[in-house]
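Q: Provided herewith is a single structure, encoded as C-alpha cells, for subsequent inquiry.
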Amino acid sequence: LPQGEDTFKPANGSLTTHVLNTAMGLPATGLAIHVAQLQESGTQWTELAQRWTDEDGRCSPLLAPEQVKAGTYKLRFETAAYWQGLGHSSFYPFVEVIFTITDPAQKFHVPLLISPFSYTTYRGS
C-alpha cells in the first residue's frame, strides 16, 4: 500500500465504528462502547460485547462476522465518562445509536462524531 494509506479494511459481515472528537479534531481514544441486540419480543436488549476505542478512535470489529445476524442493534457510547476523563463536562451522558441489519453479509460501519454538546452519526462504508 502507498505510504499513509489506511490499511484497515473491515470484512463483509463485520460491525465497526470510528469515534471522532470534533471539539478537538482528534480521534476519541478509550471511549467505552456496549453492543446489544434487541430480542424478538422487541422489549429486551441482550448485551453482546463491550469494547473501547483504540488510539485512532476505532473498534474493529465490534462483532465478528459470525456474530452479525439480521436484527436490531444498539451501540451505547459512554460519552460522559470520556469527556470527564478529559476534564470536561458534557450535556449527553451517553449516546445510543439504534439500527437494523437486514443483510448480515454486508459490512456495517457506524461512525460517531462527538463534542460536549452535540453528536452526529451516519451509516459509513
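The values are calculated or read from the model by the stated rules, or taken from the named source; none is laboratory data. Every value quoted in this text rests on a predicted model; they were computed, and no experiment measured them. Quick reminder, even Gly has a Cβ in these numbers, built from the backbone with ideal geometry, and neighbours come from all protein chains shown.
Q: Read through the list (1) surrounded by 13 or more Cβ atoms within 10 Å (Cβ to Cβ); (2) in contact with a strand residue (DSSP E or B) (Cβ under 8 Å, 6 or more places away or on another chain); (3) in contact (Cβ under 8 Å) with a residue 24 or more places away in the chain, then give the number of the only condition that F94 fails.
A: Status for F94: all satisfied but (3).
Q: Could I ask something else about it? Considering only residues that are acidic (D, E) and either surrounded by 12 or more Cβ atoms within 10 Å (Cβ to Cβ) or modelled with pLDDT of 95 or more (or both), which ones fall in the stretch 1-55?
A: Of everything in the stretch 1-55, those that are acidic (D, E) and either surrounded by 12 or more Cβ atoms within 10 Å (Cβ to Cβ) or modelled with pLDDT of 95 or more (or both) turn out to be E47, D54, E55.
Q: Would you mind stating whether L113 is modelled with pLDDT of 95 or more, more than 29 Å from T43 (Cβ to Cβ) and touching a strand residue (DSSP E or B) at 6+ places or on another chain (Cβ under 6 Å)?
A: When the stated conditions are applied, L113 passes them.
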